[in-house]
Amino acid sequence: NPYAGLVRHLRATWQSGRTRPLEYRVSQLEALGRFLEEKKQDILEATALDMGKPSFEAFFTEILLCKNELNNTLNNLSYWMKDESVDKNLVTKLDSAFIRKDPYGVVLIIAPWKYPIHLLLVPLIGAIAAGNCVVIKPSEVSKNSERLVAETLSCYLDNDCFAVVTGGVQETTRLLENKFDYIFFTGSPGVGRIIMTAAAKHLTPVTLELGGKNPCYVSDSCQVQNVARRVAWGRFFNAGQTCIAPDYVLCTLEMQEKLMPALREAIVEFFGPNPKESPDFGRLVGDKEFQRVRALLGSGRVAIGGQTDEAERYIAPTVLADVLPSDPAMQEEILGPILPIVVVANMDEAIDFINARPRPLTVYAFSSDSKVVNQVLERTSSGGFCGNDTLMHFTLTSLPFGGIGNSGLGKYHGKFTFDTFSQKRGCLHRSMGLEPLNSPRYPPYSQQKLGLMMAAFEVKRRGICTLL
């Protein structure tokens, strides 16, 4: 196996204990901070070449949000690393019982092309913070970003502990034949199943950050202009290539008629009368993705946009009206600048529609009535939820981010990333003395000993007081 020696080298370094001290972890995290600062312009240029990503969007997502994760981790790491004391029973009152946060060992991070720096660095920050050695696999689809990571990241990090592997499906397949102690993958559900199958051979735990079709319910009671701007922003940010973008709108026919002119107005406000000329609207990442997304334009009817240019991999911000559940745009995650609208009779029908499908990464709900938003929250299941806006929940390091079911397994962001890459080790340290206290547990057994054991170990339910 071409990567066996690399993994073996990283494992030897990890077993030496080099990555465990707080000072070492901090030094490597600070080096990542220097990478983000010194290579800022290179990151903006690489993402612009890969998918025409506007510098505003690239700076916000690939640099600023990464710095937020980094600084939040540096601010709290010494506290996160501390042993966590736990409750004890009568027998262990004089002993030390705690949870130790151990690194897993050698972990693998496989990143996608959608946000090629952010979705690589954010899990890497947590893996370093937790004391692991890491193999980093950037996406070969966003080739300019991949080249940037491969050529420059090694100049900042300890090469005995961190390595970048490049390549496509064949290289990733060979890489996965090796035993890792943890695998963190971001991508599609189909590839996620392949990752999980490969991990199962070594009983390796995984985090799978997958996609899905994120529903966006818009009630009849809302401020239509505000809804249109927030939905249009979330859908067309990064030319729609965002795993948590609102994938389709559910609303009544009456709301569809109100929403359409408001969406048209928002698109013109954001990108001008010809979005193709806007410096603030991106392009599809590759020819294959362009052809796949363009094929979805046949769903429903094109109410706004629909223009394409294959040479530029350009698809205009597009809204599809009267889309049927059986249409192609409703069969797969769109990952492009297309917003289908599916008409439902009411909120109950919208909730039934959502619950009849695989659980999404995010559910969105818009209403001026908070009870409606809460109803959607309480009666649906998803990785995350955002009421009366889109994407913004992703910006909080204090919220866990991840999917459920078809949309993923495991959580990260902030301390949740540190926890993901830490093995919580239950520890009890007892005294060598006081042996008479152990006598009731030793044979020969008796009813009297059992009574003493019950008194010492039994957990009783607290009393419940009912007010009449």
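Summary of packing: across the peptides 26-37, 420-431, the per-residue average of other C-beta atoms within 10 Å ranks them, highest first, as 26-37, 420-431.
What the phi angles of the stretch 246-259 give under the Karplus curve with 6.51, -1.76 and 1.60, with θ = phi - 60°, is a coupling list of x, 8, 7, 9, 10, 7, 6, 4, 4, 5, 4, 5, 6, 6 Hz, glycine and proline written as x.
Our coupling estimate for the stretch 367-384, obtained by passing each phi through the Karplus curve with A = 6.51, B = -1.76, C = 1.60 and θ = phi - 60°, is 6, 6, 9, 4, 5, 5, 4, 5, 4, 5, 4, 6, 9, 10, 9, 7, x, x Hz, Gly and Pro reported as x. Measuring nothing but protein heavy atoms, the accessible surface of the stretch 215-406 at 1.4 Å probe radius is 50 percent carbon and sulfur. For the stretch 74-109, applying the loop criterion from DSSP together with a ceiling of 14 other beta carbons within 10 Å to the trypsin sites (Lys or Arg not before Pro) yields K82, K88, K93. What is the angle, in °, between the Cα long axis of helix 65-81 and the longest principal axis of the Cα atoms in the chain? Nearest 10 is fine, range 0 to 90. In the chain, helix 65-81 runs at an angle near 10 degrees to the longest axis.
Close amide H partners of T207, meaning residues 5 or more places away or on another chain with modelled amide H under 5 Å apart, are I183, F184, F185.
Near the amide H of F366, under 5 Å away, which other amide H atoms are found, from residues 5 or more places off or on another chain, if H is placed in the peptide plane? For F366, whose amide H was placed from the backbone, the distant partners under 5 Å are Y217, V218, S219, N388.
Helix 447-457 sits at what angle to the longest principal axis of the chain, using alpha carbons and giving 0 to 90 degrees rounded to 10? Once rounded, one gets 40 degrees.
Computed packing ranks the peptides 55-63, 130-138 as 130-138, 55-63, most packed first, by mean other Cβ atoms within 10 Å. Is the shape of the stretch 1-92 best called rounded, prolate or oblate, per the rule: a/c under 1.5 gives rounded, else a/b larger than b/c gives prolate, else oblate, with a ≥ b ≥ c the square roots of the Cα gyration tensor eigenvalues? In terms of gyration-tensor shape, oblate.
Can you pick out the pairs among K53/K137; K67/K201; K40/K288; K39/K288; K39/K415 whose Cα atoms lie more than 31 Å from each other? Flagged as over cut-off: K67/K201. Taking amide H positions as modeled 1.01 Å from N, with prolines and chain starts lacking one, the residues under 5 Å from R283 and 5 or more places away or on another chain are G52, K53.
For the chain, the solvent-accessible area works out to 46 Å² per residue, with a probe of 1.4 Å and every protein chain left in place. Working value for the stretch 215-406: equivalent-ellipsoid semi-axes of 25, 18, 17 Å, each the square root of 5 times a Cα gyration tensor eigenvalue, largest first.
Helical runs assigned H by DSSP (4 residues or longer) give the chain a calculated mean residue ellipticity at 222 nm of -11500 deg cm²/dmol, each run adding -39500 (n - 2.57) before division by the residue total.
Only one item in [x] 64, 52, 42; [y] 67, 57, 43; [z] 84, 68, 38 matches Cα extents along the principal axes in Å derived from the coordinates shown, and that item is [z].
Computed packing ranks the peptides 236-246, 265-275, 336-346 as 236-246, 336-346, 265-275, most packed first, by mean other Cβ atoms within 10 Å. Can you spot the aspartates and glutamates whose alpha carbon is less than 17 Å from K371's alpha carbon? Ignore those fewer than 8 places along the same chain. The qualifying aspartates and glutamates are D220, D348, E349, D389. Pairing the Cα long axis of helix 40-51 with the longest principal axis of the chain, what angle in degrees results, from 0 to 90 and rounded to the nearest 10? Here the helix axis deviates by roughly 60 degrees.
Each residue of the stretch 351-364 is assigned a 3J(HN,Hα), and the resulting list reads 5, 4, 4, 5, 6, 7, 10, x, 5, x, 5, 8, 10, 10 Hz, derived from the Karplus form 6.51 cos²θ - 1.76 cosθ + 1.60 (θ = phi - 60°), x at Gly and Pro.
The values are calculated or read from the model by the stated rules, or taken from the named source; none is laboratory data. Keep in mind it's a predicted model, so treat the numbers as computed, not measured. Note: ideal-geometry Cβ built from the backbone for every residue, glycine included; neighbour counts use all protein chains shown. Each accessible area value is taken on the protein alone, full model and side chains, heavy atoms only, with ligands, DNA and RNA left out. Shrake-Rupley method; radii C 1.70, N 1.55, O 1.52, S 1.80 Å.
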